[in-house]
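Heads up, the thing below is written out as structure tokens.
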Amino acid sequence: MAGIYLHIPFCRQKCYYCDFYKTVNTSLTSKFITALQKEIILQKNYLSNENIETIYFGGGTPSVLKINEINQILSVINQQFKVSTNVEITLEANPDDLSKDYLNQIYQTGIHRLSIGIQSFQDKLLKKMNRRHNSGQALKVVENAVKTGFNNISVDLIYGLPGLTNQQWVNDLENVFKLPVQHLSAYHLTYHKGTAFYTWLKKGSLKALNENESISQFKLLVQKAKENDFEQYEISNFAKDRMYSKHNSFYWMGIKYLGLGPSAHSYNGISRRWNVANVESYIKAIDNGLNYWEEEILNEANKYNEYILTRIRTIWGVSLNDLTNDFGVEKAEHFVKNIKKYINNRMAIQNKGIYTLTEKGMFVSDEIMTNLMYI
Ligand code: SF4
């Protein structure tokens, strides 16, 4: 069992908060598609012949691709891997790309899950972020997707945006929960170095929300999701009727995945790999048979840290049995000793040997994870 992630590094324009690797130079698309097909063949042994259960087109903006380009990629994957008959194939898409025609054509390719980057229903904030769509378009696109036949739709939202009031955030959430969608990914804005938002924050032309405002927006998110029967199965991910993202759950459950395309990461239980984060260098290296990725072979401490980092974020939690059996008594004791203070502070709980974070703990999850690491 394994997953494949494809990083499509093109965007029509750059959003001012985004630090994913991308370029607006779409003239490289055709060369990139050729290189990507070669990479699929080059990397086919990384997953040791495992069945492919998920394929995820991420980016960047995969919805800039033409249908024949998507079909070419899927066809090479099908030739080179054993793809499961009920494979989950997801396409990340921006609302402005999803015309009725495009939706129909995507559906015909076998892609039956959409992850739509709505981000906000506040038109002023969408402009401030340099998004290309407005709230009306976002609502219409979901309606059209459902009419096309999509019944596994995820929406992305961002909270903690500069100037976002709690009332506006509640409106955004209510808008999403009224839609016929099954999944929500909601992330707090991060000011990444190198982005326009970061520069404006440093110059003082943009004001970040304070910590209390951020915490109350996170609490509203959790509360509204609960009221609408969306289960919080990971810190930032919510699903109705257990329609979890199979692909993302693979990351959190330590299942192997192969990342293809510039900046993509891979993991196979033995090593982690990451591709060069530059599309020109990527194409050039693949064309000339040169190396384009770096690799870290995981030692026992790395593997333990991976397990903690990924599992503690989820409802499946950290299992003391798994820890003892897979990593030994010493590391299990290290974990129990270090999680104790968070249990005492009601930031974590333990139930039948499974440790999970509480709502209070989720907001400081980075700090907790750092303290649980084995160095
Ligand atoms: S948020 Fe998405 S569309 Fe915007 S720049 Fe980043 S990858 Fe591109």
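How about the range 81-123: which of its residues are open to solvent by 50 Å² or more (accessible area, probe 1.4 Å) and farther than 19 Å from Gln182 by Cβ?
Kept after step one, since they are open to solvent by 50 Å² or more (accessible area, probe 1.4 Å), are these residues of the range 81-123: 82, 85-86, 99-101, 104-105, 107-108, 112, 123.
The answer is Lys82, Thr85, Ser99, Lys100, Asp101, Asn104, Gln105, Gln108, Asp123.
Can you list residue pairs whose Cβ atoms sit under 9 Å apart, with the first residue in the range 30-46 being under 19 Å from Glu69 (Cα atoms) and the second being of a type in the set (Phe, Trp, Tyr)? Count only pairs 6 or more apart in sequence or on different chains.
Phe32/Phe10; Phe32/Tyr282; Ala35/Tyr282; Leu36/Tyr282; Glu39/Tyr282; Glu39/Tyr292; Ile40/Phe81
Looking only at the range 3-19, filter to residues that are farther than 26 Å from Gly289 by Cα and either in contact with a strand residue (DSSP E or B) (Cβ under 9 Å, 6 or more places away or on another chain) or of a type in the set (D, E, K, R) (or both); which one of those is most open to solvent (accessible area, probe 1.4 Å)?
From the range 3-19, those farther than 26 Å from Gly289 by Cα are 11-19; that's our starting set.
Remaining after also requiring either in contact with a strand residue (DSSP E or B) (Cβ under 9 Å, 6 or more places away or on another chain) or of a type in the set (D, E, K, R) (or both): 11-12, 14-15, 17, 19.
Details: Cys11: 16, Arg12: 116, Lys14: 98, Cys15: 25, Tyr17: 30, Asp19: 80 Å².
So the residue we want is Arg12.
Hand me the list of helices (runs of 4 or more DSSP H) wholly inside the range 194-264 holding 1 or more residues that are open to solvent by 10 Å² or more (accessible area, probe 1.4 Å) and of a type in the set (A, V, I, L, M).
On the way: elements: 196-203, 211-227, 246-252.
Here the list reads 196-203, 211-227.
Which of the residues belonging to the range 22-54 are open to solvent by 50 Å² or more (accessible area, probe 1.4 Å) and either within 16 Å of the ligand (Cβ to nearest atom) or over 19 Å from Ile255 (Cβ atoms) (or both)? Talk me through it step by step, then tell me what you get.
Here is the first cut: in the range 22-54, the residues open to solvent by 50 Å² or more (accessible area, probe 1.4 Å) are 24-27, 30-31, 34, 38, 41-42, 44-45, 48-51.
The answer is Val24, Asn25, Thr26, Ser27, Ser30, Lys31, Thr34, Lys38, Ile41, Leu42.
Just to confirm my filter: which helices (runs of 4 or more DSSP H) fall fully inside the range 271-328 and include at least 2 residues that are more than 25 Å from Tyr233 (Cβ to Cβ) and open to solvent by 20 Å² or more (accessible area, probe 1.4 Å)? Please lay out each step first, then the result.
Numbers: elements: 279-287, 300-311, 320-327.
Counting at least 2 such residues, we get 279-287, 300-311.
Taking the range 160-181 only, how many residues are touching a strand residue (DSSP E or B) at 6+ places or on another chain (Cβ under 6 Å) and not in a helix (DSSP H, G or I)?
Qualifying residue count, the range 160-181: 2.
Please give the number of the condition Ile4 fails out of (1) within 17 Å of the chain's Cα centre (by Cα); (2) within 16 Å of the ligand (Cβ to nearest atom); (3) not basic (Lys, Arg).
It fails just one condition, (2).
Looking at Ile349, Ile368 in this structure, which one is in contact with a helix residue (DSSP H, G or I) (Cβ under 7 Å, 6 or more places away or on another chain), more than 23 Å from Ala2 (Cβ to Cβ) and without any contact (Cβ under 8 Å) to a residue 12 or more places away in the chain? Write out each step before concluding.
On the way: Ile368 fails: without any contact (Cβ under 8 Å) to a residue 12 or more places away in the chain.
Criteria check complete, one pass: Ile349.
The values are calculated or read from the model by the stated rules, or taken from the named source; none is laboratory data. Being a predicted model, the structure only gives us computed values, none of them experimental. Because the Cβ atoms are built from the backbone with ideal geometry, glycine has one as well, and the counts that use them run over all protein chains shown. Accessible surface is based on the protein model in full, side chains and every heavy atom, while ligands, DNA and RNA are left aside. Shrake-Rupley method; radii C 1.70, N 1.55, O 1.52, S 1.80 Å.
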